[in-house]
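A.B. asks: One structure is given below, represented as structure tokens, and several questions about it will come after.
Quick note: the coordinates plus some simple rules give every number you see, no bench work behind them. Remember, predicted model here, so these are calculated numbers, not experimental data. Heads up, the Cβs are rebuilt from the backbone with ideal geometry, glycines too, and the neighbour counts pull from every protein chain shown.
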Ligand code: APR
């Protein structure tokens, strides 16, 4: 159990994180920071006064705290509209920013289209971390995932082992779920990994997908697997299209907590993590999803897989997409 975990952004994902951290007894204290709701300068003054007193993070913390006697937990919860609720956190999970949302015509933006707005948010988040918990382990979820982690690195320069992005655990869980459903077996039997950037070019690695230790090709034909892999790449969008109001929020929170638990309990668990690569997989200086051993020091080791030639090419394409978004991020950061 940690002394304190900070959650940045108390929206849909942040809310699930706070309740799960309390329920799973992962920390004695949880701090949630979120500026919402923000007063609208064009509203009448009395309306602005009302909004100033409201706080999504303090409200959610109180809601969870009032339920603690029912589930027999003694977690302390603190919320704030600034970043002070993060003070002293040993780990922070960053969800700050806007999610993808379906447009009235049913289409929705790509994760990359969130870059401009979420970059500004991330610059603020980095200041908050620097001020209140500069040594915290950082797990970031906000999108576009790889570029936001890159930005946190640019602004905070933490040791490489302490900054990671959550995408691969979720993408791999989606892959596992679809395989389990198609093969009509338990999700517990499926082992699969998705590498690369958290975009439509992500790489579900068929050569390492197994059901009860047996290659997946024994259970599902190539056509079915190709369809599953396509669905996996677009799975986030499928949920956005169905929800209408935002993007997936339970599965990303659970996936980030899988990483948090590996660190908190020093599990040395191999999970796909968006991590800074320094030559591994042929990539230098970018944050891309690859398998890592996660333990008490965060990223203990990057694990290099033997990919097929086709998978290597797909990974290189995905990494090139990440490089492009990061170049755009770098240019925008100069203006912020
Ligand atoms: N600092 C902290 N929190 C902020 C800031 C900021 N500077 N700016 C916005 N937020 C808050 C919003 O007020 C909102 O409550 O971040 C929260 C985001 O919550 P939601 O809008 O509910 O979005 P959610 O579904 O939780 O997704 C958060 O994760 O998966 C990604 O694409 C998703 O980038 C999005 C992020």
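A.B. asks: Sort 145, 243, 286 by Cβ crowding within 10 Å, fewest neighbours at the top.
C.D. replies: Ascending Cβ contact count within 10 Å gives the list 243, 286, 145.
A.B. asks: Take the Cα coordinates of region 66-170, assign each an equal point scatterer, and use the Debye formula without solvent to give log10 I(q)/I(0) at q = 0.10, 0.20, 0.21 Å⁻¹.
C.D. replies: With no solvent term, the Cα-only Debye profile gives -0.35, -1.02, -1.08.
A.B. asks: Given the Cα-Cα distance of residue 234 and residue 270 and 0.36 nm per residue of separation, how much length would full extension add, in nm?
C.D. replies: 10.5 nm
A.B. asks: State the antiparallel share, in %, of DSSP beta bridges confined to region 2-165, rounding to the nearest 5.
C.D. replies: Given both bridge residues lie in region 2-165, the antiparallel proportion sits at roughly 0 percent.
A.B. asks: Taking a quarter of the surface of the Cα convex hull of region 25-114, what do you get in nm²?
C.D. replies: The number I arrive at for region 25-114 is 9.0 nm².
A.B. asks: May I ask for the Kirkwood hydrodynamic radius of region 168-333, worked out over all distinct Cα pairs and given in angstroms to one decimal?
C.D. replies: When all Cα pairs of region 168-333 are included, the Kirkwood radius is 16.6 Å.
A.B. asks: Related question: Over all Cα pairs of region 1-156, how is the pair count split among 10 Å bins, expressed in % and running from 0 up to the last occupied bin?
C.D. replies: It works out to 11, 37, 34, 16, 2, in whole percents.
A.B. asks: Further question: To the nearest 0.05, what FRET efficiency results for residue 223 and residue 107 with a Förster distance of 25 Å applied to their C-beta separation?
C.D. replies: 0.35
A.B. asks: What is the projected area of the convex hull of the Cα atoms of the chain, averaged over all directions, in nm²?
C.D. replies: 18.1 nm²
A.B. asks: For a protection proxy built on the mean count of beta-carbon atoms within 10 angstrom, sort 244-256, 176-188 highest first, please.
C.D. replies: For the peptides 244-256, 176-188, the packing ranking is 244-256, 176-188.
A.B. asks: Let me ask something else about it. Grab the beta carbon distance between residue 54 and residue 98, set R0 = 22 Å, and tell me the FRET efficiency rounded to 0.05.
C.D. replies: My answer for the efficiency is 0.70.
A.B. asks: How much length would be gained if the chain were fully extended between residue 23 and residue 124, taking 0.36 nm per residue of separation minus their Cα-Cα distance, in nm to one decimal?
C.D. replies: Working it through step by step, the gained length comes to 33.4 nm.
A.B. asks: Which percent, to the nearest 5, of DSSP beta bridges fully inside the chain are antiparallel?
C.D. replies: Close to 50 percent.
A.B. asks: Which whole-percent values make up P(r) of region 42-93 when all C-alpha to C-alpha distances are grouped in 10 Å steps starting at zero?
C.D. replies: Spelled out bin by bin, region 42-93 gives 21, 39, 28, 11, 2 percent.
A.B. asks: Starting from the exponent 0.38 and prefactor 2.2 Å, build the expected Rg for region 243-314 from its residue count and divide its actual Cα Rg by it.
C.D. replies: 1.29
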